[in-house]
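Step one of this worksheet: look at the structure below.
The values are calculated or read from the model by the stated rules, or taken from the named source; none is laboratory data. For clarity, every value in this text was computed on a predicted model and none was experimentally measured. Neighbour counts run over all protein chains shown; Cβ positions are idealised from the backbone, glycine included. Only protein heavy atoms, including side chains, enter the accessible area calculation; ligands, DNA and RNA are left aside. Shrake-Rupley method; radii C 1.70, N 1.55, O 1.52, S 1.80 Å.
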Amino acid sequence: MLIKVADGEYKTTAITLQHQPFAHRIRIEGNIANPTACKIRFIADVNKQSHGILFSNVRGVTFSGFHLIGETTATNWTSRCLLVGGGAHVSSAESSLIIEGGGEGLRVESNTRFACARLKVSKIATWGVVVTNGAEADLAYLSLVGNGKNTNPVRIPAHINPETPDVYSNGVLCSDNSRLWMIDARISAVLDAVYAARHGYIACDGTSVDQAVTGFMAYQGGILHNWGAGVSKSFPAGRRGKATNCDIGFQSIWNSTMFVYMAVAENCRMGFICTTNSAMHADSGWAKNCTYGYYAHDLSMLSAGSTYAASTGNTTPYSPVSWDPAANRGGYMAYS
């Protein structure tokens, strides 16, 4: 069954599709070729909140061709623009979804699956993408632009949170035994860009981050994989994961693991940092014009083979410079 939505701008507080036993027969389509022509703008309910598009317990439905627009004002706080939860399986056609504004952009949670290549996300107050609680998402070629690395925070209204905390624009979070694939993503102007936490797994080969406080983070058992590729038929110019103009380029912390072969950190305060019983494999890349190029600390191991010749302009290229149990509280560095 095709639900075809004509071009135009539609206003709603929320749209929910749930508990449909034949969801695999449902296609919801706006303008797939030009999603900006079919806008859904979320407006406030009596509680000054809006809730976006919600899918729950529907498997196989497709949702394509829309520009979703949320707000983060005192009179209209959009909790998120798109939520896939409750075991739902949802997919969208390539380049057919744009998410703009709102507290969160996309949330995929609770053993669900979502796929959309070339998704565009911008102007989000907290996290552009959240994948959590055993969910899976495939967001190849994701484009995400935040509100700025050093921008002023957004204050959550008191009727949403009486403590009125300040929140900052972030990129992608994958946590709590979830998995996210997003090869060749481009993320910029955020606080934390790519964050694998609490046994979350992110495969983001070829992904680049620019203008962030932290580019790539593996935290509390998280695993992050950003593998480069040399010149080949598939990648005639080669391919590398990159963190540029960040406070921290790549960080593995608290029993986490990061595989970032061929990765590049440039113009960062700390290029690659591995600490607190963690491991980082960062061979065959480089750090340039960083305060610290490669830094291992607190019973952690950082492998940086074949990085010495290409790493230039760093104040401290490697720390420790040789293995010493007392150096950096047992940090181990291997480089060449």
Report the one residue of MET217, LEU180, VAL190 whose Cα lies farthest in the direction of the positive end of the charge dipole of the chain (charges on C-beta: Lys and Arg +1, Asp and Glu -1; origin at the Cα centre). LEU180
Between ASN177 and ASN245, with labels modelled 7 Å along Cα→Cβ, what's the label distance in nm to one decimal, could you check? 4.0 nm
Hey, what's the per residue convex hull volume over the C-alpha atoms of the stretch 159-266, in cubic angstrom? 110 Å³
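Roll a 1.4 angstrom probe over the protein heavy atoms and tell me the percent of accessible area of the chain that is carbon or sulfur.
51 percent
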Low-density loop GluC sites (Glu not before Pro), the stretch 77-167, at most 13 other Cβ within 10 Å, DSSP non-H/G/I/E/B, are GLU163
Å² of accessible area per residue within the chain, as computed with a 1.4 Å probe and no ligands counted: 41 Å²
Mean shadow of the stretch 1-104, computed from the convex hull of its alpha carbons, in nm²? 6.2 nm²
Which one, ALA140, ASN150, SER122, is farthest towards the positive end of the dipole of the stretch 116-250 when Lys and Arg carry +1 and Asp and Glu -1 on their Cβ? ALA140
Percent of Cα-Cα distances greater than 19 Å, calculated over the stretch 261-332: 24 percent
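With both partners inside the chain, how many of the DSSP beta bridges are antiparallel, as a percent to the nearest 5?
5 percent
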If each of THR291 and ARG269 carries a label point 7 Å out from its Cα toward its Cβ, how far apart are those two points in nm? 0.5 nm
Roughly what percent of Cα-Cα pairs across the stretch 200-336 reach past 21 Å? 32 percent
